[in-house]
1. If the requirement is being of a type outside the set (D, E, K, R), more than 22 Å from the chain's Cα centre (by Cα), surrounded by 14 or more Cβ atoms within 10 Å (Cβ to Cβ) and in a helix (DSSP H, G or I), which of these qualifies: LEU355, LEU339?
2. For the stretch 83-97, give me each residue that is crowded, with 16+ Cβ neighbours inside 10 Å and out of contact with any Leu (no Cβ under 9 Å at 6 or more places or on another chain).
3. Do you know which of the residues in the stretch 126-152 that are part of a helix (DSSP H, G or I) and either at pLDDT below 95 or among the basic types (Lys, Arg) (or both) is nearest to GLN335 (Cα to Cα)?
4. Is there a residue in the stretch 130-148 that is of a type outside the set (A, V, I, L, M), touching a residue at least 40 places away in the same chain (Cβ under 8 Å) and more than 27 Å from LYS336 (Cα to Cα)?
5. Only one of these is part of a loop (DSSP other than H, G, I, E, B) and aromatic (Phe, Trp, Tyr): PHE116, PHE167, PHE172. Name it.
6. Among the residues of the stretch 102-113, which ones are of a type outside the set (D, E, K, R), surrounded by fewer than 20 Cβ atoms within 10 Å (Cβ to Cβ) and in a helix (DSSP H, G or I)?
7. For the stretch 266-333, list the helices (runs of 4 or more DSSP H) that sit wholly inside it and hold at least 1 residues that are farther than 27 Å from TRP153 by Cβ and touching a His at 6+ places or on another chain (Cβ under 7 Å); which are they?
Amino acid sequence: MNEFFRQSRRAFRALHGLQTEPSGTVSTEDSWFDIGRRHRVVGLWMDSPDHLTVGEPWHRYACGQLVHSTRLTIEAGRLIGLLTDSVEGLRMIKGPILGAQAWPHPDLRSFDDLDFRCTKQSLGTLMSGMKKAGYKPFVENVCRMENLWTYGWGVEFRHPDGFIAEFNHRMFPPHYPWPEQLTWNTPEGWASIDVDQHTVDGPVPALHLILACMHAEWHGWERIGWLVDIAGLLVRYPGIYAKAEALAERYSFAKKALQCGCHVANHLFGPLLEFPDQDGTPDRYESQALAILTQSHPEVTFGIRRKVHYQMMSPVEAMHYTVRRIITPGDVDFQKWQLTGRARACYRILRPLRLLVSPHHH
């Protein structure tokens, strides 16, 4: 694993035109392809320096990824054109926008679906627009789908051609302490961005940096591909870290996630311009993230993720996180009890009761 990460660092620095240490020719080990695919860095390695020789599986997988990313980007433009005038507050995050911001060659970034945000009141027009676009909700039961939307879990749509588009009025699941003020009340964090000849509001690089760090932290530092995004933003936008810190200043959890994500990215791919001193000892948050990223087995359990979340929270944030996690109903509840309208308030009682009876079914 150590050699895999060392070569990933060399590939990243070569991709961004940064100085790399000299090395002889390296042939990839068979196990590296599975690791690269799991960590979503096959595209990074395909644009690697001449010293690194990759085999046929890498080329085949990278070509498939390139085609998929290109098709998704074109589809994103089509959806933006169809939905912008009818869906209030339509915004796009990650996907091709982050690819264009964080990568010299955006199509090298691996992403599976399209992520959009809009206002909570937009579900009706969103449903109509996506139906016209040829999509169907993944959850076909209307009551269950409306409850997923109402409580901030989002709705997933699927197209016969294999496209997946996710929409939500929240940036993250409802118990995770993302500051929603950054989504709807921070105009300086958003800008009009071109996506395949259509324009949509998307995060400016500094806000995308916060989002990328919190996304990696939400998933318990499961993939280094997200750290490639973070490091790429730091390289391509001088001064971005200070701008991101200013946006996150009032939100301690977001600020800690930002600091941890950026320092871990610097440890993996640095020294980067924003952090010229790479020799600093990682703090406990960074050490934990690095230990998870470099583990040989792929699984990051819910227990590990929850531990990662709690360790960065203040006591007040941890209390709010716990309470929200206990009382906010989820899909298991919506499948068990199909409540609508005012009856939804009963979920706040039924959910904790269910957890008492079946604590392992969230």
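The values are calculated or read from the model by the stated rules, or taken from the named source; none is laboratory data. Keep in mind the model is a prediction, meaning the values are calculated, not measured. Ideal geometry is used to build each Cβ from the backbone, glycine not excepted, and the neighbour counts take in all protein chains shown.
1. On the way: LEU339 fails: in a helix (DSSP H, G or I).
Criteria check complete, one pass: LEU355.
2. The first filter runs over the stretch 83-97 and keeps only residues crowded, with 16+ Cβ neighbours inside 10 Å, leaving 83, 87, 90-97.
Selection gives ARG91, ILE97.
3. Narrowing the stretch 126-152 to residues part of a helix (DSSP H, G or I): 126-132, 142-150.
Retained after the next criterion (residues that are either at pLDDT below 95 or among the basic types (Lys, Arg) (or both)): 131-132, 144.
Numbers: LYS131: 24, LYS132: 27, ARG144: 7 Å.
That would be ARG144.
4. Taking every residue of the stretch 130-148 in turn, at least one turns out to be of a type outside the set (A, V, I, L, M), touching a residue at least 40 places away in the same chain (Cβ under 8 Å) and more than 27 Å from LYS336 (Cα to Cα).
5. On the way: PHE116 fails: part of a loop (DSSP other than H, G, I, E, B); PHE167 fails: part of a loop (DSSP other than H, G, I, E, B).
Going through PHE116, PHE167, PHE172 in turn, the sole match is PHE172.
6. Listed by number, the list holds a single entry, PRO106.
7. Ranges flagged: 284-293.
Results for (1) within 20 Å of the chain's Cα centre (by Cα); (2) buried (at least 22 other Cβ atoms within 10 Å of the Cβ); (3) hydroxyl-bearing (Ser, Thr, Tyr), shown as yes or no for each residue.
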residue	(1), (2), (3)
GLN259	yes, no, no
ALA265	yes, yes, no
LEU273	no, no, no
PRO282	no, no, no
THR294	yes, no, yes
PRO298	yes, no, no
